[in-house]
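Below: the structure, in structure tokens.
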Amino acid sequence: MEARATDQAIANADHEVIKIEARGVDVYYGEAHAIKGVDIDIAEKTVTSFIGPSGCGKSTFLRAINRMNDTIDSCRVTGTIKLDGEDIYDRRVDPVQLRARVGMVFQKPNPFPKSIFDNVSYGPKIHGMVRGKDEMDELVQDSLRRAGLWDEVKDRLAQPGTGLSGGQQQRLCIARAIATKPEVLLMDEPCSALDPIATAIIEELIDELRENFTICIVTHSMQQAARVSQKTAFFHLGKLIEEGATEEIFTNPRDKKTQDYITGRIG
Amino acid sequence: MSDIATRDIPVKAAAETTRSLFERDPKIKARWNAEGRFRAYGIGAISIGLMFLVVLLVTIIGNGLPAFTQTYVHLNIELKASKLDPKGNRNPDDMAKVMTFGYNPLIEQALEEDLAKAGIETDMKASALRKLLSSSVASQVRDYVLSHPGEVGKTVSFEVLASGRVDGYLKGRVTREALAQDKNLDAAHLDIVDTLVKKGIVERRFNLDFILGADASDSRPESAGIGVSMLGSLFMMLVVLVLSLPIGVAASIYLEEFAAKNWFTDLIEVNISNLAAVPSIVFGILGLAAFIQFANLPQSAPLVGGLVLTLMTLPTIIIATRASLKAVPPSIRDAALGVGASKMQAVFHHVLPLAMPGILTGTIIGLAQALGETAPLLLIGMVGFIASNPPTDLVAGFLHPNSAMPAQIYEWAKRADPAYYERAWGGIIILLVFLAIMNIVAVILRRRFERRW
Amino acid sequence: MLLPAVVVVVLLIAAFGFVLGRQRAIAGAGGDISKLHSLPNYYGFNVAIMALLPAFLLLVVWLVVQPMIIESQIVGQIQERTVESYGTRGLAFSEVRRLADGLDIAVERGAMSAEQADSVRTELTDIRNRLGEVGVALGSNVSADILYVAQHYRVLNAAASMARTIAVLALALAGAAYGLWQARPDFRARIAVERTSLGLLISAASLAILTTIGIALSLIFNTVEFFRIYPMQDFLFGLVWQPSFTSDTLSPLGIVPLLWGTLYISFIALLVAVPIGLFAAVYLSEYASSGVRAVAKPLLEVLAGIPTIVYGLFALLTVGPLLVNVFGKGGALGVDWMQGGTAVITAGLVMGIMLIPFVSSLADDIINAVPQAMRDGSLGLGATQSETVRKVILPAALPGIVGAILLAASRAIGETMIVVLGAGAAGRLSLNPFDAMTTVTAKIVSQLTGDADFTSPVALVAFALGMTLFIFTLGLNVLALYIVRKYREQYE
């Protein structure tokens, strides 16, 4: 699988389309300067992983991409992040509309205390994406299938999503995120609360989702970054130290700090 | 037009046609409108709540402030020896045989003379003019005479209470139209009052007696005060404090530090949380049945009121105390146990002192709640015309019938004369001042000693 | 000896015992404290506890039991003829007690000597006038029988009090002596003291159970008494409430109109408080900046700290007249719906205002208990804030909010002062919110603060009303607390 991923990365590198382009991004929490001048390009239909020691700002940067940071009062973002060439921090951009296009999956599975069906249909419903029950059924089924959960839950769509196992819950959250047909999927340590088997299933799923979505994943695990991503960005103390093809970063890091991190000397 | 086309094939469309981020989705406007409405409901709700608060406070202050001023009449009364001291020996014991009734002619005469001196001509009879003054004037003069027997025979200048109607007229509560059906006063009186005010004989000034004085009968609202029932409240609060603080702290220490997790502890917990929500009037029934019917404690006594309020306040204090005990980190207990202290020593020497500010805050808030409570006091008889004499000593303070501030306010609200409504509002101002002070002290205590672990 | 003096003497014995116990322990160890099992103070405390605890327990039990025993002895001595003139034996006995108390006061104030008090006869002295002079008012003229029994009562009481004093002091001394005997170096004084302290802590905690039992007993006894003279089905299902304090026949005491008034007023109160309180809570927890929250929340809670008597007065003197000016005859709307200021709507509205902070702070807690992850999940999908609140947070918080509303309902049903002053006095079954109606709590107050004697049905009915109120609110509270607890556990 690793080999295949690498091949893909090289193939992508040839005719890479930039989906997200960040320039000089700074994020402040009140006085604290959490992200310092980050420039990065994120390729379309590629999995990019953000790695780095805890508190390095990787999650903060991820949350800046769909403006989730707006929900924190003290948080301030400067610089530009362009989605398909349009600055998402432009005054004219509606964060609600943006988030429909840039979905997010969180660290801890957070299904709503509603039925499985209602969890998945929540996004499409609020965005008014479907008309009629049949369309909704179809969309829910499609999303659950893509999240690899359909076979496990098709008989109990009316049961609460909170009743599923941890791994299933996280896949439900992925299904919920992709039901709004986003172009970008942000995942904030999606496997950190899961056991190894559930983690393996999610990782496989991420690889499949790459076909349709641009994926950014924050992870603590270097193995996971190596397994699922084609591109890797290494953050340290709020700065982007190095980014590039995953293969490169892991085998031949240019920066000493990256090397130290990968070899386990800082973390 | 393209929007509509998009919606026609929604499932695929949303994913495949990328709209510019700068373009507004047509549905989004309605959604943001809904958002705005929702937010407006929230602001509206808070504004309504705050508006109620403002209206309430303005009503209280507007209606209650006049109670703190009272109308007085300056009167020069000739204390005729022939009337007041028939035996002529200036012995107060003998003079006490002249009841207030005997003073009335002197007062009427003084009033007539002072009016004449002021150049006011009236064809009203002296007994009618008397209605300008409070009926308490006679006993005021009598008290003065009995304590100053030497003054008999002289003309003494008194400052006496005007009647409630006159006071109401000067405060704008009594109008000339309203007097048409009033037996107590008529418009002619008011003309006299107007002139007297101009001459400075009738004067409205601050009335300390309202704050410190005793309740008065139905017909003398002008001399009613809240002072005695304030003492009743004070004695009740002493009982509550002395009982509920140690019992509440002891109960909390047991539940928080020693209690095993078993059915008995659960039973106590369930009881405490339920008692906290039992209507206060039920505690009144308990007080009536248990303390007065069963234990034969004296009715209307602040002691009984205090006992009832203690039972009512305990859950509040226990809940607050447990919260502050819980806030003391286990490391403190471990440290004490680690140097060989017994569990009891660890709790009393280390945990309790650290939790004390929180406990005191909770106790003050519990006391404030008890201070404002009315319903249970009505059932144990702390209402009616009983706060008429201040208690003579400590024992009497606890055992003799008395009212309490909120019960006194209720009593005044029930009386027929609207002059008493003003006093009820005024009483509320005093009650609220006490509550505000207690709560502010609690807040300061919390701020000052609040510890973050 | 007077009661306070007994208490003081027992305390003195305990204090001396403390000092002696401490000294004896130190002396026993030959002055070397390290040979003692516990610190010397614990030996002292042990003596003090031994002196205090049994003596005070005996005193308390004695104080409760003595009047009961004496009453049972005395009541039988009152002649039938006398009982008849007072109506019941209980009333005759209270007259006996009043007279005995009066004699006590007379002796105390020096109007009578102790011998006189024991020997006066109605034939020779006008007791009523004599006591009246020292400020003791008696209801009726004193019959010879009552006076005789009252004097006997005084004799018994004096003897019992003497016995009490001796017994309590003896027990205190014996306890102290035992504690002193115990105070040897190998005695584990600290453990003994701590065991007693724990016992005291447990009894303090058990007071909550005792209170509940006390409430239950006071309600049950008097309610049973009431149903002995008044048929239960007439009370529970009677549609008319018309107590008559004067007539001898049973007046209709049906609870239905009172329950209806209670529920109607509570319903209006919730209609006001729930929407306003909920929206306020949502705004404060989801929208308001921390500055606004820091100001608005405590200000709203001021409403909760205002005593209910204030709301009652507000209803009676401000809101009532205001509503009449709008809905009454010749009012602003030109309709004649409202006859007087006291009405269901007046009480309901004011009670609603009182409940706003109650609902909002409960709801605020409950909404804050919904994990942040739920909000993130919804916002991350592109929901607006209000969509998140309406479709995720409120449904998630629903059980807790239902619990909060039930608690508010229980508060509304048990609220007394607002309805006493604002709702009216007549029980009425009507749908018109502008009518005056009355409630269970208001009637408890009026039945028990009137002049009726406690054994008549019109007074006893208050206990049956109290019982109904207690069961109602207890049920609501238990249910609500259960729901809220389950809800919290879900997110913990």
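Data for the structure
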read-out	value
Residue list for the range C:364-404, restricted to those being in a helix (DSSP H, G or I) and among the small types (G, A, S)	C:A369, C:A373, C:G377, C:S378, C:G380, C:S386, C:A396, C:A397, C:G400, C:G403, C:A404
Where C:E84 falls short, out of the listed (1) surrounded by 16 or more Cβ atoms within 10 Å (Cβ to Cβ); (2) part of a helix (DSSP H, G or I); (3) not basic (K, R)	(1)
Candidates C:G377, C:G352 - the one that is crowded, with 24+ Cβ neighbours inside 10 Å, of a type outside the set (A, V, I, L, M, F, W, C) and at pLDDT 95 or above	C:G352
Check on C:V107, within 30 Å of C:A170 (Cβ to Cβ) and surrounded by fewer than 16 Cβ atoms within 10 Å (Cβ to Cβ)	no
Qualifying residue in the range A:159-171 (condition: within 12 Å of chain B (Cβ to nearest Cβ), buried (at least 19 other Cβ atoms within 10 Å of the Cβ) and of a type in the set (D, E, K, R))	no
Failed item, numbered, when B:Y72 is tested on (1) surrounded by 12 or more Cβ atoms within 10 Å (Cβ to Cβ); (2) modelled with pLDDT under 90; (3) within 30 Å of B:A116 (Cβ to Cβ); (4) not polar (S, T, N, Q)	(2)
Subset tally (residues that are of a type in the set (G, A, S), surrounded by fewer than 18 Cβ atoms within 10 Å (Cβ to Cβ) and within 15 Å of A:K108 (Cβ to Cβ)) for the range A:187-225	2
1 or more residues farther than 30 Å from B:K343 by Cβ, more than 11 Å from every other protein chain (Cβ to nearest Cβ) and in contact (Cβ under 8 Å) with a residue 60 or more places away in the chain: qualifying helices (runs of 4 or more DSSP H) within the range B:223-318	B:227-253
Members of the range B:194-214 that are touching a residue at least 60 places away in the same chain (Cβ under 8 Å) and closer than 20 Å to B:Q140 by Cβ	B:L196, B:I201, B:V202, B:E203, B:R204, B:R205, B:F206, B:N207, B:D209, B:F210, B:I211, B:A214
Among residues of the range B:396-453, those that are charged (D, E, K, R) and within 28 Å of B:F206 (Cα to Cα), counted	6
Unique match (being in contact with a helix residue (DSSP H, G or I) (Cβ under 8 Å, 6 or more places away or on another chain), at pLDDT 90 or above and crowded, with 23+ Cβ neighbours inside 10 Å) among B:L311, B:L238, B:L231	B:L311
Elements of type helices (runs of 4 or more DSSP H) contained in the range C:227-319, each with 3 or more residues being touching a residue at least 40 places away in the same chain (Cβ under 8 Å)	C:256-282, C:290-305, C:308-313
Test: residue in the range C:185-197 that is under 26 Å from B:L311 (Cα atoms), buried (at least 18 other Cβ atoms within 10 Å of the Cβ) and either out of contact with any Asp or Glu (no Cβ under 9 Å at 6 or more places or on another chain) or among the β-branched types (V, I, T) (or both)	yes
Condition check for A:S74: buried (at least 16 other Cβ atoms within 10 Å of the Cβ) and of a type in the set (S, T, Y)	no
Residues that are assigned to a helix (DSSP H, G or I) and either modelled with pLDDT under 70 or surrounded by fewer than 16 Cβ atoms within 10 Å (Cβ to Cβ) (or both), drawn from the range C:110-139	C:A114, C:E115, C:Q116, C:D118, C:S119, C:N129, C:G132, C:E133
Top-ranked residue of the range C:424-451 - restricted to ones that are within 14 Å of chain B (Cβ to nearest Cβ), buried (at least 20 other Cβ atoms within 10 Å of the Cβ) and among the aliphatic types (A, V, I, L, M), ranked as farthest from C:I345 (Cα to Cα)	C:L448
Criterion (more than 17 Å from the chain's Cα centre (by Cα), under 30 Å from A:G30 (Cβ atoms) and within 8 Å of another protein chain (Cβ to nearest Cβ)) met by exactly one of A:R99, A:R92, A:R131, A:R76	A:R92
The range A:151-163: number of residues that are under 20 Å from A:M104 (Cα atoms) and of a type outside the set (S, T, N, Q)	1
Scope the range A:123-158; condition of a type in the set (D, E, K, R), closer than 27 Å to C:V370 by Cβ and loosely packed, with under 14 Cβ neighbours inside 10 Å; matching residues	A:R156
Among (1) of a type in the set (S, T, N, Q); (2) surrounded by 23 or more Cβ atoms within 10 Å (Cβ to Cβ); (3) facing another protein chain (nearest Cβ under 10 Å); (4) more than 18 Å from B:R24 (Cα to Cα) - the single one A:N66 does not satisfy	(4)
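The values are calculated or read from the model by the stated rules, or taken from the named source; none is laboratory data. Bear in mind that the values here come from a model prediction, so they are computed numbers and not experimental data. Cβ sites come from the backbone with ideal geometry, for glycine too, and all protein chains shown count toward neighbours.
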